[in-house]
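Coordinate-derived values only; no laboratory data. Since the model is a prediction, treat every value here as computed from it, not as a measurement. Cβ atoms come from the backbone with ideal geometry, glycine included; neighbour counts cover every protein chain shown.
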Amino acid sequence: MILSDKAILTEIANNHIVIEPFRPECLGSNSYDVHLSKYLAIYKSHILDAKKHNEIEEIIIPPEGYILQPGTLYLGATEEYTETHRHVPFLEGKSSIGRLGIDIHATAGKGDVGFCNTWTLEISCVQPVRVYAGMPIGQLIYFMIDGDVNNNYANKHNAKYTTRTIKPVESMMWKNEF
């Protein structure tokens, strides 16, 4: 079951969902709009290695915007910091973003109960497109869970994305043992 706007507000009031900054005008009937921060990143190498730490280069979006190029994976971040303590958050791109040919995540649209951070976006595009800091980029949808959670994300011993940040975070796959 997806939370309605009223249910999202109730869960915020109960501190089960945290959205900072919270802007009432961003609350839809069953979702909350999030915005692109001024930080982007690209990988320094064109060949990425899942067993190694792949370094990133930071890009700050200037006031006149930044043109994304096809064939490049950009890591972005949401302006909003979120916490979700009793629900499963899903991040989806806004339809207006999709109509510009922008995807905001490759595979990581679902968060975990206990995730507390900004969201790193895996941005790609089908043709050159100019983006701006502060533009609406996605929407969070909250799903109810059935039962208690034993292993929330913030308390997992192997959670890799728990350090609070305002910048995109590169893949930490290299921390896994395989």
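Per-structure values
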item: q = 0.11, 0.22 Å⁻¹: log10 I(q)/I(0) that the Debye formula gives for segment 3-81, counting C-alpha atoms only; result: -0.47, -0.97
item: For the chain, the longest site-free run once GluC sites (Glu not before Pro) in DSSP loop states with at most 13 other Cβ atoms within 10 Å are removed; result: 65-176
item: Nitroxide proxy distance, nm - points 7 Å out along Cα→Cβ at W174 and K160; result: 1.0 nm
item: Sequence-distant residues sharing a close amide H with T118 (under 5 Å, placed H); result: T82, T165
item: Spherically averaged projected area in nm², based on the convex hull that wraps the Cα atoms of segment 1-48; result: 5.7 nm²
item: Lysine pairs in the chain with Cα atoms under 16 Å, if 8 or more residues apart or on separate chains; result: 10
item: Cα-Cα P(r), the chain, percent of pairs per 5 Å interval; result: 1, 8, 16, 21, 19, 16, 11, 6, 2, 0
item: Per residue Cα convex hull volume in Å³ - calculated over segment 95-178; result: 141 Å³
item: Interchain or long-range residues, amide H under 5 Å from S37's placed H; result: A77, T78, E79, G134
item: Value of relative contact order over the chain, rounded to a whole percent, pairs C-alpha under 8 Å and six or more apart; result: 30 percent
item: Exposure proxy order (Cβ contacts within 10 Å, fewest to most) of K110, K167; result: K110, K167
item: Nitroxide proxy distance, nm - points 7 Å out along Cα→Cβ at H53 and E20; result: 2.7 nm
item: Length-normalised contact order for segment 1-79 - Cα pairs under 8 Å, 6+ apart - percent; result: 30 percent
item: Qualifying chymotrypsin sites (Phe, Trp or Tyr not before Pro) in segment 1-106, DSSP loop, other Cβ atoms within 10 Å at most 16; result: F22
